[in-house]
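Reading through the structure tokens given below for one structure.
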Amino acid sequence: MHSQKTQPINEVIQMNNRNPNSTEENSPSKLGRREFLTATAGAVAAALLAAGSNSLLAESSDDGMIHRTLGRTGERVSIIGLGGWHIGQPSISEHESIQLIRQAIDRGITFMDNCWDYNEGASEVRMGKALKDGYRQKVFLMDKIDGRTKAEAARQIDTCLQRLQTDRIDLMQFHEVIRLEDPDRIFAEGGAVEAMVEAQKAGKVRLIGFTGHKDPSVHLRMLDLARKHNFHFDAMQMPLNVMDTHFRSFEREVLPVLNREGIAPLGMKAFGHPFILHSNTVKPIEALHYCLNLPIALRRHAAAPRMAR
């Protein structure tokens, strides 16, 4: 992997805000997909926005990265984070993955994303190797599990810790809560939430959340069951993009509830994986700007691994 000079994300935002109609070659609105991804943290990146401020630039730091507070947890994270799926794919070598992760951290990215089932564990293994030599202490590590029973969830949590070579996960989430019965299974007697709470008490997990990308009604049901069990989620992840508002909108139906209850909203699929970009409806920087201006806690976007080379 060749080292490339990248622009800090605040410079990208400032450039576009100064002259969004610029025809200059270095205008973000004119950047190609490769250049845009490079400018927003290298590639394989997740764009993350934390709530609590009306001004993106007001929370810029000296290293060129913008940081926000993660909901009511008090945690400060970069608005750009590194997605975990693509770093484990066979099309990118382990050496390149490790180099990419460490370069991201060196450039100010503090939020790391991963999941127990990503590439049959390869994503976690590679990230675990990259976070050695003091890098683990520099990041906020998020991971996800798929188990729905207490036994399976506990097993997956321990596997995640082993692969990532760490004794704690900063935010552990129930992954892909996409079926109406998923919340019932998680909160049932002997369900996964029992394992998650025990892991939190044992210090293996600091914060708890859940993810999903199918229907806002499933997210709302998960929140309803949490209230009935006197359980408060620290974070929740969902798709948020320029097209979301037109059909079964997470932005309209779920986001206000999260902000009202102090749950950190985590956004994903800013580019529609990547159908929004392919539609030529908006430019990449416009899609990103839309997401960065929502009252959310994190913005997650994963780029194709070939763009990281």
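What is the stretch 143-227's relative contact order, in percent, from Cα pairs under 8 angstrom and six or more apart in sequence?
Relative contact order, the stretch 143-227: 37 percent.
With no solvent and one point per C-alpha, what does the Debye sum give as log10 I(q)/I(0) for the stretch 123-274 at q = 0.08 Å⁻¹?
After summing over all Cα pairs, the log10 values are -0.23.
Once Rh for the stretch 44-308 is found with the Kirkwood sum over Cα pairs, what is the Stokes-Einstein diffusion coefficient at 37 °C and 0.692 mPa s, in µm²/s?
Result for D is 178 µm²/s.
Measure out, as a whole number of angstrom, how far apart the alpha-carbon centroids of the stretch 171-195 and the stretch 256-270 sit.
A separation of 18 Å, based on Cα centres.
Just so you know, all these numbers are worked out from the coordinates, no wet-lab data involved. It should be emphasised that the depicted structure is a prediction, and the values quoted were computed from it without experimental measurement.
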